[in-house]
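Step one of this worksheet: look at the structure below.
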Amino acid sequence: MVQAAMCEDIKEFTPENQAVVFSITIGRIFCFTSFDPVPEETFIYHNWFRRDKLSKRIKLSLQPPRWSTFSSFQLREADQGPWRVEITDKDGRILRLFRFSITD
Amino acid sequence: MTEILPFISNIRWQDVFDITLNSYILFRLYILFRRTNVFRVLIGIALLWFIQRIAVFLGLIVTSWALQGITAVAALIIIVVFRNEIRSVLQARNLKAILWGFSDKTVDTPVEIIVESVYELARTRTGALVVFRGKEDLADVLQGGIPWHGLVSKEMMTSIFWHDNPVHDGAAIIEGNQVTEVGVILPLSRRDDLPSYYGTRHRAAAGLAEATDALVIVVSEERGNVVLARGSDMRVISRKEELAEILREHIGVTAEEWTYLRRGKLEIGMAAIVSILFITAVWFSFTRGLDALVTLEIPIEYMNRDPEMEILDTSVNAVHLDLSGSGALIKSIRPAQVQVRLDLNKAAPGHNTFTIADENVALPPGVFLKRVQPSVVEVTVDVPTKKKLPVQVDWVGRLAEHLILTEVKLSPKNVWVLGGKRILKNVSTIYTEEVSLDNIRTTGTLNVNLMFDLASVKIAPDSTDRIKVEYVAEERLQ
């Protein structure tokens, strides 16, 4: 994994406005991951947790020779609070962990 | 009838035992003290108490107050004033006699031997003074005396009053078939109407007879006659038969012995019945009297916890108990007499729900449980463990629109916490208290506390719950 970020937007496969606090007014947030090289076709998971409760689990495939991918989350009023996203390989090993908050 | 049956079914075996035991104790006290002054005074105190209760019922404030004081003081005084009498009753009997014996008099007093002995002493002009106790205790009026405890016989009587015997001048006390004491000094009478030829021996006999209900026989050394003193009466008894008859009457063995015994049995039977009725009435007044209610807050005691587990949380630490019973019992009840115990023997790790039932509540006899509030208790038990958790800031509020919070560094990043194994298994992050974004204008540092959502989870002693937060705020580019 060469890059990973929590961001407000993704433009031309580049994360924009990386942050640790996101306002629900921006509407959607993204978890961006980029892998190079990717020896063979595989997949990863983006696990979104609100506090310690799994809220969303997204399976993303990776294609050789390199691959960038992301998951996103639509923000609602009820989603305010501390969050984390665990990026794991297909075997569940944590590759990266982001902690952030969704606020007013 | 419909009310009696459920009432009878509510009587426990403990109640029956309670009534029986106390009835027997009362009955035994009657048997032991029935012909003593103590018993008469006890009856007086009981009567005072009864009148005091009536005075309370009628609302006679001063009367009831005064009677209550007198009754309380009288109960103390009886022990002091009648200590000798109480001691003589208890010491004179062995344990079996105290618990079971019925006879307080020896019916086989050898009257004939005594009469023969007395007249033999008279014939030989040997002075003698013989005392037969009545119902009253003589300890306070007698002086000196040497314990003897010898069976009555003509030879012994002659020997006691023999001129050369050191104790011949005093009186001999006869109880049952024994000479219990000799050489006893009796109080002298101060009467001036006694014949002038009466000496010290006669005056001593008159003195004791006047002061008590004892019967005293005097054998005159000078005239060789037998004088009997009883009450204020002193007279010469010249016939053996007459003396024997008077002695039998005094001791309690009359010619109609059978009638006497039958009357005795009837008296004992009546005493037993009255004892049972009295104690049953007292029991009723305590347990089935006016129904009174009280509410007590009692802490819950958790018993039989698995030593490996700890109580991490409870929904309540104390419960309110509504108790009922007679006014006297409810008025005297103290929280220390009431216990609420929950058995955690079967508690599993995690949340356990217990319903408090009658068997969990220990109450004094005669007090009944009406209601428990709350009746359901939640108890969380678990194996205590320590876990390292990462810390995360709980941001709230709104960051200024032109800013982005790009980075946060925490010190320490992780903390150790203590809690139940089962609970901590599902906890992977510890959060700070809410930290407001509203006032953030630039990069800075804050110190915040950790927030423990679960009451059963707490910071480990070697860790800190104060977290330093360093944040980076940057201008939004677009």
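Under 20 Å from the Cα of B:K265, which aspartates and glutamates turn up, not counting those fewer than eight places away in the same chain?
Output for B:K265: B:D104, B:D108, B:E249, B:E256, B:E257.
Sorting A:C31, A:C7 on the 10 Å Cβ count, fewest up front, what's the list? Before the final figure, lay out the partial values.
Numbers: A:C31 26, A:C7 20.
Sorted ascending by nearby Cβ count, the order is A:C7, A:C31.
Using the Cα atoms as the points, what is the convex hull volume per residue of the range B:329-478 in Å³? Spell out each step's value before the answer.
Working: hull volume 27.7 nm³, N = 150.
Once divided by residue count, the hull of the range B:329-478 is 185 Å³.
Neighbouring Cβ atoms within 10 Å as the yardstick, rank B:S315, B:S117 fewest first.
Values: B:S315 13, B:S117 24.
Placing the least packed residue first, the sequence is B:S315, B:S117.
About the Cα centre of the protein assembly as shown, what is the dipole size in debye to 20, counting +1 per Lys and Arg Cβ and -1 per Asp and Glu Cβ, all else neutral? Before the final figure, lay out each step's value.
Working: 66 positive and 70 negative charges, 53 e Å.
Rounded to the nearest 20 debye, it is 260 debye.
Give the longest segment of chain A that steers clear of trypsin sites (Lys or Arg not before Pro) in DSSP loops with at most 15 neighbouring Cβ atoms within 10 Å, not counting the sites themselves.
Numbers: sites that count: A:R66, A:R76, A:K90, A:R93.
Maximal segment without exposed cleavage sites: A:1-65.
With an 8 Å cut-off on Cα pairs and a minimum separation of 6 or more residues, tell me the relative contact order of chain B in percent. Write down the numbers at each step before the final one.
Values: 801 pairs, mean separation 47.6, N = 478.
10 percent.
Please state the relative contact order of chain A as a whole percent: Cα pairs under 8 Å, 6+ residues apart?
Details: 254 pairs, mean separation 30.3, N = 104.
This gives 29 percent for chain A.
If one takes the longest principal axis of the Cα atoms in chain B, at what angle in degrees, from 0 to 90 and to the nearest 10, does the Cα axis of helix B:240-251 lie?
Around 10 degrees separate the two axes.
Note the angle between two axes, namely the Cα long axis of helix B:61-81 and the longest principal axis of the Cα atoms of chain B, as a number of degrees from 0 to 90, rounded to the nearest 10.
Value to nearest ten degrees: 60.
If we count other beta carbons within 10 Å of each Cβ, what is the order of B:W13, B:W395, fewest first?
On the way: B:W13 7, B:W395 28.
The order, fewest Cβ neighbours first, is B:W13, B:W395.
Taking Cα pairs under 8 Å and at least six residues apart, what relative contact order does the range B:417-475 come out at, in percent? Intermediate results must be reported in sequence, preceding the final value.
On the way: 67 pairs, mean separation 25.7, N = 59.
With pairs under 8 Å counted, the relative contact order is 43 percent.
If you take the charge dipole of the range B:352-453 about its Cα centre, with +1 on Lys and Arg Cβ and -1 on Asp and Glu Cβ, which of B:A362, B:N439, B:I423 is farthest toward its positive end?
About the Cα centre, the residue reaching furthest to the positive side is B:I423.
So who's got an amide H within less than 5 Å of the one on B:I300, skipping anything under 5 residues away but keeping other chains? H placed 1.01 Å off N, in plane.
Those qualifying (amide H under 5 Å, at least 5 residues apart or on another chain) are B:A318, B:V319.
Return the Cα extents of the range B:197-255 along principal axes one, two and three, sorted largest first, each rounded to a whole Å.
Sorted from largest, the Cα extents of the range B:197-255 read 35, 25, 13 Å.
Read the figures in this text as sums done on the coordinates, not as results from a lab. Because the structure is a prediction, the values reported are computed rather than measured. Neighbour counts are summed over all protein chains in view; Cβ atoms, including those assigned to glycine, are modelled from backbone coordinates with ideal geometry.
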